[in-house]
Amino acid sequence: MVALWILFATLCWPARVAPSLTGELGSFASPKTGVKWRYWIEDASASPDILRADVAEMASVGSSGFELLSYQSYGGEAQDTGNILLDPTDFAFGSDNFVDVTAVLVGAAMDNNITIDFSMGPDQGAGVPVFPDDVDMEGMNTELVFGSHFLGAGETFSGPLPNPMVFPMVSGLDNQIDSANITTMRLVSAVIAELIPGANSSASRVSLDWNTVQDLTSQVDNSSSISFTAPNASSVLLAYYSRRNGFPEARRGFNGSFLDEPGSWGSWVVDHFSAKGANVSISFIEQNILARDNIGAMAAQPGVGSYMWEDSMEFFAQLFWTDAFPQRFTERHGYEINKTLPVLHTLPNRGPKANQTFDFGSTVTWQKFLEDYQDTLTSLYIDYMTTFREWSHTIGFQFSNQPGYNFRLDVAASAAIPDAPEIESLGVPTIDEARQLSGGVHLGNRTIFSSETGANPGETYTIRMPELLLDAKTQYAGGVNVALLHGFPYSGAYPGTTWPGIVTFGYRFADMHGPRMPAWDYYKEYLDFLKRTQYTLQSGIAKVDVAIYRKDYDITGSPPFRGNSLVNAGYTYEYVSPENLKLPGVSVSNGRLAAGGPAYKAFVLNRGPNITVDAAQKLLDYARAGLPIVISGGVPNDIPGFETDGAQQAQVQDLMQQLLNETNVKVVVNETQVPGALSSFGVLPAASVSTPLATIYAIRRDVPDASYFYLFNSGNTTENFTLSLRTDIPGTPFFLDAFTGKVSPVALWTNDSGAISIPSLSLAPTESALFAVSSADTFEGVGVPNVHLSALDSPAVAVGNANGSIEVQSTSDGVFNYTLSTGDTGSVNVTLSGETTRTLSGWQLSIVAWTPPQNLSSIEPVLVPQPVFNLTQGLVPWNTLAGQANTSGVGTYNTTFDWDAHSDTVGPKLNFGTVFHTIKAFVNDVQIPTADPTSPIVDITQFVATGSNTLRVEAASTLLNAVNAVPQIASLGFRRTQTGIIPANQAYGLVAPVQLIPYGRASISL
């Protein structure tokens, strides 16, 4: 932190916390909002004692819970994610042993007062064990496939419909087909269409004439044969079938599948577009897990079972389908789907693709058919999630998943459904991408928005604490308020696995946190920082300045609202789907949209050539109720999907014209003019900075008598600014230090036209800060001071003291004039008494190396003290020291320094320069506050004594350097060297000069 440390007070006021700020979240100083962990077990062979120890370890660093995931080598299908070494019959999800393991972990969660989430299956939780002969049933993953047969002009056809192309799932481990034996094909439609003139029937994409499409389905007999004469032009016969594609989620037993052994069945992906698919999973989980060993009853106790949870959707189909699709399509769009089927396989697909697809060229705007397909698919996906959510509530849980991930779905509409929507920092790395879901989260009245955080590619045993914190802080700036850390693997031994233990995903992603890491015992202070940040972000209700209309079917890295104009001006925004506008409470009250939720101050239509009729009517209603609306980049004049008569398009055009007639609606050319339009309506950002900055992001959360603000500098330069905070209630500003848990009134501020202005703030690259404005007499146990400063000469800053005085601090000598909020003026003389910044020297370094055991099948490290180093050359990385090139572990640095407090008129701060991973420091054997890695400066005034002082710094490393020295390392039968991902050794330890920085102190008596 560059300047925040000298701006705020730590006042010892009466310890009474405002009732509205206490409760299930705890308090800011001692919150109950810790991070959660993705906890991987390879399978149910895990030792109960080690399972209990792992849960205790997670609790020991202040975590609030964990997600239980039976990894099973990522389903056992990929070449590089590990082998299946123990028979799934005995140890897979659903086996008797898995029930035992689950019971142990539920008990461990209870014992450690943290929560457990249940994955709804192995791997990603997308499916459950189903006896292989039963996979070909309704409720299982379904796809639409097709076959084609080209015909000459006037050619007669008589015979079976063309067979579809089907792609079986082939295991990357043994090149064997591992999909279920699916034989049933259900005819959906048979159509014929003429090729457009000049179309090449051998091309990978063939254009057809929409006006010539004929539905022949009714002519197909019971043997799937048909007889007809082709049109008098080149044409193609297309036959579309639905089928269960038998996508495997986890492998079967080594010796086959047995009816009385669910572990032997394998797990299979269920239909994610029907309630029946959800019910397949629900039925298995209820009967085979929750009903056994008292698991359901234990987990249903308050504070034990938290979420039924599903990870990202990593399975595929040629084109996702479900049996009810045609009916739902017609209900939503007013026409039948059969004739549109030829274009649907042009949609992006993560799995195998047909080598030839079709479109309708320029004979119709065929992309509208894709729109209607995706809209229908989203509505069916919502059915699936709703079924899981409602069931979860009946058993004492809530429902969490990663909505819409990897699929062509309306993500904002989807995000409104689960109780705790989840994203991931890997797949949704930017703030704007998170905002593509957060509108649905907030309009769906979801209080938790979590993120699978820290799964950085190529960083197994490598990720540093500053990186992990950065991932979390970036996600927070997108609206996330729970970091679900990736991850904590089972810490025990396993076949085919050497020291240091099981690794998931073939060493491709970060990270394997836990006691195998030298720095694990140093995590807590950093995770407490996240815990306190999450306390503010989980408090109350998210408030957002602007809603932006978006109807699309993916998460895009290219921001839908182009440019930085809104961020520069300080506005917070998020994207909302027209489906979100149908949710309860989404109406205008007192000039705010969804006043009980995000309370948008304005709505923006941006670069939208079309809009749904329902949304157009809603916007007109909003405008007439007083909500400002800005239209940028053109007025919508069409609906997004297809219609046969143009009636809805005419409705949209009429509604848009009525909208334009409203006085609180403004049309601008592009995004750069939107902030000016908002300002002209009197719509101002809740948090803004004095200089337009594209890197400063804000989040606001409101409780009845306070507003919290989270600020984040996403850039790579330090930014200096005056902060303006606009809340709906007058109050006093406070600074919340997430590293120490201290809450302090802001000592220097003004209130101008309802905006609280706090000058001279500075945020280092990737630094975050927390503020609050409270109208209560006390805030988090800290009283509101009667007087504060309204002006102070630069470069001095002011902090408050517990005795009611205000202290002026400066790193240079001077006389500084001030003005109090009462209007009184005065000046103070601040002097450093000759003290200057000094670089500490005389360091001794003692390293305890974490080394592999002689027998690598043992996973416990051997801790080996290294020779003591006298660092006469200054602080240097460990790998430059003799014999330490591949040393990982914990280094302890010791030195001394003299200090003269000059009758308490001078105080010192320590600047650690760079924090590579984790550090813990002690002055005179007393631990000092943890240094923020973004600006590692710590005030140690209260810890020093006049005369000689000792300084001890413990710097812990990652495990990378030690692992790099052992090429034989393997996990689940897969060698690390096979990945081709071997990061270079890291530079551990204190690697920059440590400085003692004096500052002068002078009190203002009040």
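The values are calculated or read from the model by the stated rules, or taken from the named source; none is laboratory data. Note that the coordinates shown come from a computational prediction; the quantities given were computed from them, not determined experimentally. Cβ coordinates were reconstructed from backbone atoms using ideal geometry, including for glycine residues, and neighbour counts include every protein chain displayed.
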Per the filter on the range 387-413, residues over 21 Å from the mean Cα position of the chain (by Cα) and among the polar types (S, T, N, Q) are THR387, SER392, THR394
Only one of SER790, SER827 is surrounded by 13 or more Cβ atoms within 10 Å (Cβ to Cβ) and without any contact (Cβ under 8 Å) to a residue 40 or more places away in the chain, namely SER827
Verdict on THR376 being assigned to a loop (DSSP other than H, G, I, E, B), among the β-branched types (Val, Ile, Thr) and at pLDDT 95 or above:
no
Those residues of the range 613-638 that are surrounded by fewer than 23 Cβ atoms within 10 Å (Cβ to Cβ) and either assigned by TED's automatic domain parsing to the domain that holds GLY334 or part of a loop (DSSP other than H, G, I, E, B) (or both) come to a total of 6
Scanning the range 221-237 for residues that are under 51 Å from the mean Cα position of the chain (by Cα), surrounded by fewer than 17 Cβ atoms within 10 Å (Cβ to Cβ) and among the β-branched types (Val, Ile, Thr) gives none
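The rows are residues; the columns are (1) surrounded by 19 or more Cβ atoms within 10 Å (Cβ to Cβ); (2) in contact (Cβ under 8 Å) with a residue 12 or more places away in the chain; (3) part of a helix (DSSP H, G or I).
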| residue | (1), (2), (3) |
| --- | --- |
| ALA56 | no, yes, yes |
| ALA59 | yes, yes, yes |
| LEU68 | yes, yes, no |
| SER73 | yes, yes, yes |
| THR102 | yes, yes, yes |
| PRO122 | yes, yes, no |
Condition set hydrophobic (A, V, I, L, M, F, W, C) and surrounded by fewer than 24 Cβ atoms within 10 Å (Cβ to Cβ), scope the range 389-398, selection nearest to MET298 (Cα to Cα): answer is ILE395
Turns out the helices (runs of 4 or more DSSP H) fully within the range 280-369 with at least 2 residues that are closer than 21 Å to SER189 by Cα are 325-333, 341-344
Note: among PHE329, PHE320, PHE315, just one is touching a Leu at 6+ places or on another chain (Cβ under 8 Å) and buried (at least 22 other Cβ atoms within 10 Å of the Cβ), namely PHE320
Of the residues in the range 706-731 that are of a type in the set (A, V, I, L, M) and out of contact with any Leu (no Cβ under 9 Å at 6 or more places or on another chain), the one that is farthest from LEU470 (Cα to Cα) is ILE729
Considering the range 717-739, residues that are acidic (Asp, Glu) and within 27 Å of the chain's Cα centre (by Cα), and then whichever is farthest from GLY34 (Cα to Cα), we arrive at GLU719
Flagged in the range 253-269 as buried (at least 24 other Cβ atoms within 10 Å of the Cβ) and part of a loop (DSSP other than H, G, I, E, B), in numbering order, are TRP265, GLY266
Checked PRO929, PRO998, PRO967 against criteria (over 23 Å from SER768 (Cα atoms) and either touching a residue at least 60 places away in the same chain (Cβ under 8 Å) or assigned to a strand (DSSP E or B) (or both)); the one match is PRO998
- Message: Based on this model, can you work out whether GLU67 counts as acidic (Asp, Glu), within 28 Å of the chain's Cα centre (by Cα) and either in the same structural domain as TYR522 (by TED's automatic domain parsing) or over 19 Å from SER306 (Cβ atoms) (or both)?
- Response: yes
Going through (1) under 29 Å from GLY501 (Cα atoms); (2) surrounded by fewer than 20 Cβ atoms within 10 Å (Cβ to Cβ); (3) among the aromatic types (Phe, Trp, Tyr) one by one, PHE922 fails only at (1)
How many residues of the range 399-439 are at positive phi and either outside any loop (DSSP other than H, G, I, E, B) or surrounded by fewer than 24 Cβ atoms within 10 Å (Cβ to Cβ) (or both)? The answer is 1
Flagged in the range 654-700 as buried (at least 20 other Cβ atoms within 10 Å of the Cβ), farther than 30 Å from ASN637 by Cβ, touching a helix residue (DSSP H, G or I) at 6+ places or on another chain (Cβ under 9 Å) and not aliphatic (A, V, I, L, M), in numbering order, are PRO685, SER688, TYR697
Given (1) modelled with pLDDT under 95; (2) surrounded by fewer than 20 Cβ atoms within 10 Å (Cβ to Cβ); (3) among the β-branched types (Val, Ile, Thr), VAL743 misses just (2)
What do you reckon, is GLN648 in a helix (DSSP H, G or I) and either within 26 Å of PRO675 (Cα to Cα) or among the acidic types (Asp, Glu) (or both)?
-> no
Within the range 936-953, of all residues that are hydroxyl-bearing (Ser, Thr, Tyr) and under 12 Å from PRO908 (Cα atoms), the one surrounded by the fewest Cβ atoms within 10 Å (Cβ to Cβ) is THR946
In the range 794-804, anything closer than 27 Å to ASN720 by Cβ and either at pLDDT below 90 or surrounded by 15 or more Cβ atoms within 10 Å (Cβ to Cβ) (or both) is listed as ALA796, VAL797, ALA798, VAL799, GLY800, ASN801
Scanning the range 682-706 for residues that are of a type outside the set (Val, Ile, Thr) and not in a loop (DSSP other than H, G, I, E, B), the one farthest from PRO730 (Cα to Cα) turns out to be TYR697
- Message: Any residue at all in the range 772-784 that's more than 17 Å from SER688 (Cα to Cα) and charged (D, E, K, R)?
- Response: yes
PHE93 vs. criteria buried (at least 20 other Cβ atoms within 10 Å of the Cβ), in a loop (DSSP other than H, G, I, E, B) and either at pLDDT 95 or above or assigned by TED's automatic domain parsing to the domain that holds ARG532 (or both):
yes
Considering the range 251-285, residues that are of a type in the set (Val, Ile, Thr) and in contact with a helix residue (DSSP H, G or I) (Cβ under 8 Å, 6 or more places away or on another chain), and then whichever is nearest to SER414 (Cα to Cα), we arrive at VAL270
Going through (1) under 30 Å from MET465 (Cα atoms); (2) modelled with pLDDT of 95 or more; (3) touching a strand residue (DSSP E or B) at 6+ places or on another chain (Cβ under 9 Å); (4) surrounded by fewer than 24 Cβ atoms within 10 Å (Cβ to Cβ) one by one, VAL586 fails only at (1)
Quick count over the range 705-740, residues being crowded, with 21+ Cβ neighbours inside 10 Å, aliphatic (A, V, I, L, M) and under 23 Å from SER679 (Cα atoms), is 3
Across the range 970-995, the tally of residues that are in contact (Cβ under 8 Å) with a residue 40 or more places away in the chain and β-branched (Val, Ile, Thr) stands at 4
